[in-house]
Amino acid sequence: MAFPRGFYWGGATAANQFEGGWNEGGKGDSVADHLTAGTVSSPREFHNQLHPGANYPSHEAVDFYHHYKEDIALMAEMGFRMFRLSINWTRIFPNGDEEEPNREGIEFYRSVFEELKKYHIEPLVTISHYETPYGLMCDYDGWANRKTIDYYMNYVKVLFHEYQGLVKYWLTFNEINSLQMGVGDILAGGLRTKDGPLPGFGASADQKLLQKRYQALHHQFIASAKAVILAHEQYPEYQVGCMVAGGCTYPYTCNPDDVLKAQKDMRMNWYCGDVQARGAYPYFAQSMWDEMGITINQEEGDAETLKAGVVDFYSLSYYMSTCASTDPKVLAAGGNLVFGAKNPYLKASDWGWQIDPKGMRYLLNELYARYQKPIMIVENGLGAVDELIDGQVHDPYRIDYLREHIQQLELAIKDGVDVIAYLPWGCIDLISISTGEMKKRYGFVYVDKNNDGSGTLNRYRKDSFYWFKKVIATNGEDLK
Ligand code: BG6
């Protein structure tokens, strides 16, 4: 049997896309609360001042805030052994820089963790998943400011102290490399200009932005390392991991230029991974900074902090692969973080994300060869349009996608890769981060909610729900 006993089967979510209750229980605004709904053709907008009547999907999301007991019971029915969720920083520190935390926020998550414990479901908690406090953006320029490390550590101290005995596994930052790709400017970085948020919601090669992004990322590396150090010193039962958006890039042709480009593109894994899982910037960092014309301001003691703050395990999201080509005539493929040339051997989702289960096996092998740490897959899945008819959703396309990925995961484990968890994304339907849509669904459970915000919020089991339940019950043996 390829899957070890105790393998963590489960699912994953993030508060800003799942939880709702955005202004209840003393919660402050996160940057996500200022983003409108959108579609592929009409991108989400960031509003400094909220507009009455505009649709901000994080405000209600699918209302886990009021449905958590029902949702956790559904997870338990599927047999989940682990559930990844994020804590909304602004539920604990509404502006981000208060001295005292918000008790009501702390108690909300305590109730969630106690509910999970009832069913023996292990929580995996993302400390920061695109929920930077809006107050830190406005007052400090988010992660561009070194002071934000202190505010993050105040938050981490509260979480580590309050949830002893309830939580064991932590992730310091979701997709920490999103900042490198520009798409994380607002959500992950909380970065702004003098007059408001940075222009555009997508990547930009603006020199000033590059400098700011990479400096912000350095601050996140220090913050992550400090959280690991705190856990190791005071909470030895805790396991702290990094979370990196997995990039799998093949050369489009055997033209050495394409091969070199693919090798360079794969650095989207190594730049952050090396710092967090090896404790130092990679050998190519300086040449990369020189090429971009940026300088990272590192303070005395930073190198030692990074060295001492090496994570216990590595985690990643994996959805798709891409190709590297130096030929501008080669067509581009879609994605939310990962972009590149289209691969003629692969099919794509309705959103243009190339489906590549074997790419996951390839990437897992590369990661394990480099880091030799236990790996969790904490996001994977197919964003698709589902139809609810008479209370049922037939989603064979999702089952096919997941089956093929689990088969490759099994092969990766047979290769010798130490994978300990597989947590498909959006296990209960939630809001898409890139487009702000509801129409793009990942879940085993359908939530009656529409793009315009209407819907009963009732939950329905999809066909994939029963299929995944069987997969878990047989520890991955029965994938039919
Ligand atoms: C990852 C994020 O990039 O991809 C999630 O960590 C996100 O927050 C997921 O939801 C899927 O992307 P999307 O754009 O389809 O929601």
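The values are calculated or read from the model by the stated rules, or taken from the named source; none is laboratory data. Just so it is clear, the model here is predicted, and its values are computed rather than measured. Virtual Cβ from ideal backbone geometry, glycine too; neighbours counted across all protein chains shown. When the accessible area is computed, the model is the full protein with side chains, heavy atoms only, and any ligands, DNA or RNA have been set aside. Shrake-Rupley method; radii C 1.70, N 1.55, O 1.52, S 1.80 Å.
With +1 on each Lys and Arg Cβ and -1 on each Asp and Glu Cβ, and nothing else charged, work out how big the dipole of the chain is about its Cα centre, in Debye to the nearest 20.
Result for the chain is approximately 1000 debye, rounded to the nearest 20.
Report, in debye and to the nearest 20, how large the dipole of the stretch 1-54 comes out about its Cα centre when Lys and Arg carry +1 and Asp and Glu carry -1 on their Cβ.
280 debye
Per the Cauchy relation, a quarter of the hull surface: what is the mean projected area of the convex hull of the alpha carbons in the stretch 1-139, in nm²?
Working: hull surface 42.3 nm².
The directionally averaged projection comes out at 10.6 nm².
So what are the ³J(HN,Hα) numbers for the stretch 315-325, from phi and the Karplus equation (6.51, -1.76, 1.60; θ = phi - 60°), rounded to whole Hz, Gly and Pro as x?
10, 8, 9, 9, 10, 7, 10, 8, 10, 9, 9
What would the Debye equation give as log₁₀ I(q)/I(0) for the stretch 199-265 at q = 0.13, 0.14 Å⁻¹, counting only Cα atoms as equal point scatterers?
Each listed q maps to, in turn, -0.68, -0.75.
So how strong a dipole does the stretch 364-480 carry about its Cα centre when Lys and Arg Cβ are +1 and Asp and Glu Cβ are -1, to the nearest 20 debye?
It works out to roughly 220 debye.
Quick check on the stretch 213-343: of the DSSP beta bridges with both residues there, what percent are antiparallel, nearest 5%?
Rounded to the nearest five, the antiparallel share is 25 percent.
Give me the log10 of I(q) over I(0) for the stretch 146-300 at q = 0.14, 0.16, 0.19 Å⁻¹, as the Debye formula computes it from C-alpha points; what are the numbers?
Those come out to -0.78, -0.97, -1.26, one per q.
Starting from the amide H of residue 84, placed 1.01 Å from N in the peptide plane, find each other amide H under 5 Å away whose residue is 5 or more places distant or on another chain.
Distant-sequence amide H within range of residue 84: 11, 12, 13, 124.
Say the dipole of the chain comes from +1 at the beta carbon of Lys and Arg and -1 at that of Asp and Glu; which of 228, 108, 353 then lies farthest toward its positive end?
353
Accessible area of the stretch 249-403 with a 1.4 Å probe: how many percent of it is carbon plus sulfur?
Roughly 53 percent, rounded to a whole number.
Residue farthest toward the positive end of the dipole of the chain, with Cβ of Lys/Arg at +1 and Asp/Glu at -1: which of 397, 182, 151?
Sorting the options by dipole projection puts first 397.
Skipping prolines and chain starts, which residues have an amide H placed within reach, meaning under 5 Å, of the one on residue 309, given they are 5 or more residues away or on another chain?
For residue 309, whose amide H was placed from the backbone, there are no distant partners under 5 Å.
I need the semi-axes of the equivalent ellipsoid of the stretch 276-386: take the C-alpha gyration tensor, multiply each eigenvalue by 5, square-root it, list largest first in whole angstrom.
Working through the eigenvalues yields semi-axes of 31, 20, 13 Å.
Once every DSSP H run of n ≥ 4 in the chain is given -39500 (n - 2.57) and the sum is divided by its residues, what mean residue ellipticity at 222 nm do you get, rounded to the nearest 500 deg cm²/dmol?
That comes out to -11500 deg cm²/dmol.
Give the residue from 271, 216, 306 lying farthest towards the positive end of the charge dipole for the stretch 189-310; charges sit on Cβ (+1 for Lys and Arg, -1 for Asp and Glu) and the dipole is referred to the Cα centre.
216
Expressed as a fraction of 2.2 N^0.38 Å, the rule-of-thumb size for a compact globular protein of N residues, what is the C-alpha radius of gyration of the stretch 346-480?
That ratio works out to 1.11.
Based only on the alpha carbon positions, what is the Kirkwood hydrodynamic radius of the stretch 275-316, in angstrom?
11.6 Å
Dividing the convex hull volume of the alpha carbon atoms of the chain by its residue count, what do you get in Å³ per residue?
Here the figure is 140 Å³ per residue.
Per residue of the stretch 26-34, in order, report the coupling 6.51 cos²θ - 1.76 cosθ + 1.60 (Karplus, θ = phi - 60°) as ³J(HN,Hα) in whole Hz, putting x for Gly and Pro.
Using θ = phi - 60°, the values come out as x, 6, x, 7, 9, 4, 4, 5, 9 Hz.
If you restrict to DSSP beta bridges whose two residues both lie in the chain, what percentage is antiparallel, to the nearest 5? Could the numbers behind the result be given before it?
Working: 13 of 46 bridges.
Among the beta bridges of the chain, antiparallel pairing accounts for roughly 30 percent.
After finding the eigenvalues of the alpha carbon gyration tensor for the stretch 309-348, what semi-axes result from the square roots of 5 times each, listed largest first in whole Å?
For the stretch 309-348, the semi-axes come out at 28, 12, 8 Å.
Karplus couplings for the stretch 88-94 from phi (6.51 cos²θ - 1.76 cosθ + 1.60, θ = phi - 60°), rounded to Hz, Gly and Pro as x?
The phi angles translate into 6, 3, 6, 7, 9, 10, x Hz.
Compute the distance from the alpha-carbon center of the stretch 341-415 to that of the stretch 41-89, in whole Å.
Centre-to-centre (Cα) distance: 23 Å.
For q values of 0.23 Å⁻¹, compute log₁₀ I(q)/I(0) with the Debye formula on a Cα-only model of the stretch 402-471, without solvent.
Debye output, listed in q order: -1.00.
I want to check a number: in the stretch 91-220, how many lysine pairs have alpha carbons closer than 16 Å, given a sequence separation of 8 or more or different chains?
Counting lysine pairs in the stretch 91-220 gives 7.
Please tell me which of these pairs span more than 23 angstrom C-alpha to C-alpha: 440/480; 347/439; 69/373?
Cα-Cα > 23 Å for 440/480; 69/373; rest within.
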